[in-house]
Amino acid sequence: MRTRVALIAIAVIMSLLAGCTPEQEPEVQVPKELYLPSLRAAATANIHLGGLDADAEITNLITGTLYTWMPLPDRSGTALVPELAGGEPIDVSGDGTVWHVKIREDAKWENGEPITADSFIYSWKMMLDPKLVNSQASNFARYFIEIENALAYAVQESTEPKVEVAWEDVGIKKIDDHTIELTLAGAYSVEEVMRHFAADRSGLVYEPIYEAEMNADRTATLYGTSKETVLSSGPFILVEWVKGAERVFEENPYYVHADRIKLDKIVYRVVEDPGTRVQMFETVNWTTWILLASTSPNMLMIPG
């Protein structure tokens, strides 16, 4: 998802830079507030469940991931770079099967609390929890890469004959407060590992809220069903969510790349009627409508 929208993003940035000579350092004019139509109401901001485009309009803005797509400094394209990670993954096995990923020591939640290896490991353990049966679990376990025993752990409650898989057998381990070890089911490249952990589903859920909203038998959580039940680790904070009507986001001052965010506020207004959308199209400039095609916060970043 982020690959596609990042390409749209660079087109927007390049259009804003049109007319600048190579000798000039262009001053990109980006509005401080952006108002966008959403084609439908969002169902959840829980990255373990979300499947609608409208859900992604929320999670793309508030979810920090280990890696992300950003414009290149020369504005010639985009690159896959660390976001909450402290650098590229390290192939410690030498054959592409075991990797270490460092977490940035300055990474924080919107409330200022530190993001650590435990934050990611809890989020991934809940994503794969066999009792929760999360809809995004299989894609997290196996997409660009396959994490050892992750899928078997996630589906063990629904397989026949039943085969028990312990969490300790899943290829996710904490090395220290800022280092995670990943054991994969095959040999993979640096880019494949980074692509896998650039998806929202590989991002973070906030443990205190996730647990507080969990039901008694631990088969479901209300995490992400309102602005009060979700916490941001990404570029923006969800400050208002009127179901079926409007979602308002403000810049997250604790985001690790806050200096690259050029908007103070984003407002999504639900516009389900096609006729109304056509009327909006006729009255909004093309640059804005290119922006509408993307839900990625990285379209709002200017290369430093």
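Throughout, read-outs are computed from the coordinates displayed, never taken from laboratory work. Computed from a predicted structure; not experimentally measured. Virtual Cβ from ideal backbone geometry, glycine too; neighbours counted across all protein chains shown.
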Q: Give me the lysines in straight-line cross-link reach of residue 227: C-alpha distance below 27 Å, same-chain residues under 8 apart excluded.
A: 32, 108, 125, 131, 243, 262, 265
Q: Can you pull the one-decimal nm distance between simple spin-label points at residue 179 and residue 142, each 7 Å off the Cα toward Cβ?
A: 3.0
Q. Can you work out the FRET efficiency for the pair residue 166 and residue 90, with r the C-beta to C-beta distance and R0 = 25 Å, to the nearest 0.05?
A. 0.45
Q: Starting from the Cα gyration tensor of the range 122-189, take the square roots of the eigenvalues, sort them a ≥ b ≥ c, and report rounded, prolate or oblate (rounded when a/c is under 1.5, otherwise prolate if a/b is larger than b/c, else oblate).
A: prolate
**Q.** Mean Cα-pair separation over length for the range 20-168, i.e. relative contact order, pairs under 8 Å, 6 or more apart, %
**A.** 12
Q | Neighbourhood charge, 13 Å Cβ-Cβ cut-off, centred on residue 100 and excluding it, Lys, Arg +1 and Asp, Glu -1 | A | -1
Q: Please work out the FRET efficiency for the pair residue 258 and residue 105, using the Cβ-Cβ distance as r and a Förster radius of 25 Å; give the result to the nearest 0.05.
A: 0.95
Q) Shape of the range 156-253 from its Cα gyration tensor (a ≥ b ≥ c, root eigenvalues): rounded if a/c is under 1.5, otherwise prolate when a/b > b/c, or oblate? A) oblate
Q: Using a cut-off of 11 Å between beta-carbons, work out the net charge of the residues near residue 88 (Lys and Arg +1, Asp and Glu -1, residue 88 not included).
A: -1
Q | Prolate/oblate/rounded call for the range 36-174, Cα gyration tensor, a/c under 1.5 rounded | A | oblate
